[in-house]
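Taken together, the values in this text are just the output of simple stated rules run on the coordinates, not laboratory data. What you are looking at is a predicted structure, and each value in this text was computed from that prediction instead of being measured. Because the Cβ atoms are built from the backbone with ideal geometry, glycine has one as well, and the counts that use them run over all protein chains shown.
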Amino acid sequence: MFEIRAIITLGGVNVKLSHIVNGLQLEHVTGSLDVDVEHGYVGDLLSDVMGNAQPDSVWVTVQSHANIVAVAAITGIRAIVLAGGHDFEEETVKKAEKEKISLLKSPDTSFQICGKLYELGLR
């Protein structure tokens, strides 16, 4: 088994999270949508995300446990997109509210979400 990861950047341009939510038709679970994001990251291995994701990112993952919020808070990630139609655990939502991390959901795969982010102009 191997890990595939990608870094998506906007070339220095900030985009409102609300624009991404509307463009990808994401379900908003909690957190502010009036947040600027500049980068994106996709990955499911928490240590990889901690070592490689940039601040002000949107993180695409299939992980839904509370530890993802801790990783997001440590790295400065602004929002987590849960792929594959999964649901966040209740503890994860409560922790995200406390840490002010936005949680979003999509029935699409991580690959599909990243493609749509690219179509929105994320690089």
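If only Cα atoms are counted, what is the Rg of the range 6-119, and what is its Dmax, in Å?
When restricted to Cα atoms, the range 6-119 yields Rg and Dmax of 12.2, 35 Å.
So which GluC sites (Glu not before Pro) in the range 53-91 are both in a DSSP loop and have at most 14 other Cβ atoms within 10 Å of their Cβ? Provide the component values of the computation, followed by the final result.
Numbers: sites: E89, E90, E91; in loops: E89.
Passing both the DSSP loop test and the Cβ count: E89.
HN-Hα J couplings of the range 24-37 from phi, Karplus 6.51/-1.76/1.60, θ = phi - 60°, integer Hz, Gly and Pro as x?
9, 6, 7, 8, 8, 9, 6, x, 6, 9, 8, 10, 7, 10
Note the full-extension length gain between H65 and E119 as 0.36 nm times their separation in residues minus their Cα-Cα distance, in nm to one decimal.
Length gained, H65 through E119: 16.6 nm.
For the chain, what is the calculated [θ] at 222 nm in deg cm²/dmol (nearest 500), taking -39500 (n - 2.57) for each run of four or more DSSP H residues and dividing by its residue count?
Details: 5 runs with 44 residues, N = 123.
Only helices count here, giving -10000 deg cm²/dmol.
For I74 and E97 in one chain, what is 0.36 nm times their gap in residues minus the Cα-Cα distance, to one decimal in nm?
The I74-E97 span can extend by a further 6.8 nm.
Run the numbers on the chain and let me know its relative contact order in percent, using alpha-carbon pairs under 8 Å that are six or more apart.
On the way: 261 pairs, mean separation 35.8, N = 123.
Dividing the mean separation by the residue count of the chain yields 29 percent.
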